[in-house]
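Throughout, read-outs are computed from the coordinates displayed, never taken from laboratory work. None of these values were measured; they are calculated from a predicted model. Here the Cβ is made from the backbone with ideal geometry for all residues, glycine too, and neighbour counts use every protein chain on show.
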Amino acid sequence: MKKEPIDSQKEVRSRLNEKMENKRRKTKKNAKKNFQPKNKKNQSNQPKQDEKTVWSTTFTVVRGISIIFGIIFVVIGVFAASAGVGYFARLVEKTKLPDKQEMLAKINDIHGVSVINYSNGQSISDISSDLVRVTVSSDQISENVKNALIATEDDSFRTNKGVVPKAVVRGILGSVGGGTSSGGSTLTQQLIKQQVLGDSVTFQRKASEIVYALNLNNYLSKDQILTDYLNVSPFGRNNKGQNIAGVQEAAKGIFGKSAKDLTVPEAAFIAGLPQSPIVYSPYASDGSLKSKENMAYGIARQKEVLFNLYRGGYINKADYEKYKAEDISKEFLQPAQVQSQEHGYLYNVVYNEAVTEVYNYLIKRDKVSATELGNDSTKQHYKDLAEQSLQNKGYTVTTTINQSVYNAMQNAVATYGSLMQDGTGLIQTGNVLMDNKTGAVYGFIGGLDYSQSQVNHAFDTERSPGSSIKPILAYGPAIDMGLMGSASVLSNYPAKYSSGQDIEHVGSKGTAMMPFSEALNVSYNIPAYWTYKMIQDKGKSVEPYMTKMGYQVSDYSVESLPLGGGIDPTVVQHTNGYQTLANGGKYEPWYVVESIKDDAGNVIYQHKDTGGTQVYSEATSTIMEYMLQDVVKSQKTSKFYENLQTINPTLATDVAWAGKTGTTDNYTDVWMMLSTPTVTLGGWAGHDDNSGMSKNSGYINNAAFTAQLVNAINAADPNIFGPGKKFTDPNKDSNVTKSKVLVSTGQKPGKVSVKLASGKTQTVNLGGATTTSFWATKSGAPTTTYDYAIGGTAADRAAGWKTILPNFNFN
């Protein structure tokens, strides 16, 4: 029945009031008519009649009010719907028409494979993706699939203009009523949403979707639109648990056949998947078939699609009944294993860093706040999104890896890795070659053979650095703080930890006082122990130095810390520490990814120099590299230099080599850290099970391997080690203070109050042989005092003075 038009809310209220008044008059009249004289019978019936009258009146009033509010809501709804449709129409009208070529490019932009490249642009590897997709032409897709999709998703597809107006209005009204604006999408609109506009649920996006769909309908044929849709849409998982997109992979991954060969029941199952791919997929994430209960969702969806085919006239009733009765689950492929691809150490290092940079890009792009990132689910969402983007969006990741150098390093470990083997079990190695100025990693060795061990010994293995930590944690900071110079004297007299344990060096329990150069060249432990203790006793700390370089130290009170106890860096981390010393004291964090571009060539990440973090002063850097060059040439702890002279004399003499070795107890770990003016090469060797090696593992074996490795790198790039370049000469560095000191004390000549056996003192004008000591602070070396040496007990200092003044009567 057609309703009378409502002119106004005032008129509606007037009519309702008139009706209510008539009701009241009628009620009053009936009450008077039914009045009877009071008697016993009337007295017993009167309360019931009164109660009935009250309830009747209450119901009438409530019903009237409900009608009033109902009409008001209808009126408001009509106005709201009209406003919503009008607003939406204006959005459509104002939407800028898309550029044809740009839109078609996006429609056809099915992201290619992401790749990882060397620094020269040559490919390292494709990036593996858990999304499998193969595009096919229209003639390779069964008409059964096309019909099933149209019958289910867009029954007017072949005749509409890309948009169905009444469906759009229905979607708008649904949104006004509290739903969403995403309803009523044609296949053309869905394609636009997937490839051009994204999933944002807004009126503006919906308006753009309509305008774009209308235009796309003019640009492409219906068959082209349908083919594109079937090539880009997600279809859940295949029997290997991989995510699949495109009808071809759906057909192969579920039924083991090409899309052109799909039967009606198979086509109906696949056509039903895009609505909810993961729910309707017959396979779990590991490729196993779902339980009967969970598989029922997809099968019920298939039967729904079969009915749509029958309703649309694509199949007759007899076929519909026959296909509906078939058990489609019997056609599903049995689970299978994915053939894993071994990418190797390089792929994994680059991939992990690239994921981090894409994650940072997405966070910045979406303006995610620190508060939001405090939510674990938000953080995990973006981590997952970063991996998905890197795997599936055709990114190009360019690395810092020098192709020829990297390959040379792999060939070297394959050819000369045997030089490290000593019969104690398989000895692994990890090496990193890093640019001093930028921190860029040019090449590395992750291990002897990736197929045998996937542990990356260059980036993941954490081991005690032994004595190789001394320049970083003890001597470097002490020089930087002005507590010692290059010619300072240190105690190597026997010493013990507070526990009473002797501090030894290769079986030696100590000797006497010695110059810094000897303590460093031989790598005695007691002098390093005393140096670190001196820093602590002065109320100073090395923590700021270590923290700035990224070292992880949980307890700085560990007494053996300057000998490698309580600290376990990776090779790449420790190489970064030596890079800092070689780079004027400036730390540049290591990196492997130079840039990342999307498939349109837009740079989404470009490494930027941080400007470095000044850890040590330039003067400290100059002094330490001066000292470490002598360590290499003295060959007290490694035959590397001698081996290199034998293999390539020119390379040995034309390049300024500075470095330090490190060995832990029982020869569990051996390190060789080398720097030149341009690069730093860090290396570790040892057993994965932390068992000991032979006593020659570092001094001879690792030295021989490292020499061959250096020669191989030089052959690949003769300029990489900076032949002809020199470290800064401390004699010419204006930042370095030059002090003329006594060789015997490491301090300036002068009057000294020498302690006698009686406890008294006697002044001595101390002189003797002198040398130049380099200091990192302006004050330079102090004048000699009785406590000239770094470390040692009172008895040690007394013994030291007897050596300095052999003819002096201390009694």
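Quick notes
- Highest to lowest packing among 365-374, 421-430, 724-733, scored as the average C-beta count within 10 Å: 421-430, 724-733, 365-374
- Charge tally around SER114: other residues with Cβ under 9 Å, Lys/Arg +1 each, Asp/Glu -1 each, net -1.
- Averaging the Cα positions of each part gives two centres, and for the range 378-436 and the range 493-570 these lie 33 Å apart.
- In a reduced charge model with +1 at each Lys and Arg Cβ and -1 at each Asp and Glu Cβ, the range 322-430 shows a dipole moment near 360 debye about its Cα centre.
- Over 27 Å (Cα to Cα) - which of LYS586/LYS639; LYS608/LYS732; LYS383/LYS470; LYS496/LYS636; LYS146/LYS597; LYS533/LYS802 fall in this group: LYS586/LYS639; LYS608/LYS732; LYS383/LYS470; LYS146/LYS597
- Potential lengthening between LEU131 and LYS100 on full extension [0.36 nm per residue; Cα-Cα distance subtracted]: 8.3 nm
- Per-residue HN-Hα couplings for the range 620-631 [Karplus 6.51, -1.76, 1.60; θ = phi - 60°; Hz; x = Gly/Pro]: 4, 4, 4, 5, 5, 5, 4, 5, 6, 5, 5, 4
- HIS457, HIS505 arranged by Cβ crowding within 10 Å, fewest neighbours leading: HIS505, HIS457
- Around the Cα centre of the range 206-304, unit charges on the Cβ atoms of Lys, Arg, Asp and Glu (plus for the first two, minus for the last two) sum to a dipole of about 200 debye.
- Taking other C-beta atoms within 10 angstrom as a stand-in for reagent exposure, MET673, MET546 fall in the order MET546, MET673, fewest first.
- Among MET420, MET103, the ranking by other beta carbons within 10 Å of each residue's beta carbon, starting with the fewest, stands as MET103, MET420.
- Cleavage-rule hits, trypsin sites (Lys or Arg not before Pro), the range 517-575, DSSP coil, Cβ neighbours within 10 Å at most 16: LYS538, LYS540
- Classification of the range 687-811 by its C-alpha gyration tensor yields an oblate form. The axis ratio a/c (a ≥ b ≥ c) is 1.5 or more, and b/c is at least a/b.
- Normalised by the number of residues in the range 619-699, the average gap of Cα pairs under 8 Å and 6 or more apart makes the relative contact order 24 percent.
- For the listed residue pairs LYS726/LYS778; LYS252/LYS364; LYS106/LYS290; LYS161/LYS260, the alpha carbons are over 30 angstrom apart in LYS252/LYS364; LYS106/LYS290.
- Charge tally in the Cβ shell below 12 Å around ASP502, where Lys, Arg are +1 and Asp, Glu are -1, ASP502 excluded: +1
- Near THR777: Cβ cut-off under 14 Å, other residues only, Lys/Arg at +1 and Asp/Glu at -1. The net charge is +1.
- Check: the range 737-804 dipole with +1 on Lys, Arg Cβ and -1 on Asp, Glu Cβ, in debye: 180 debye
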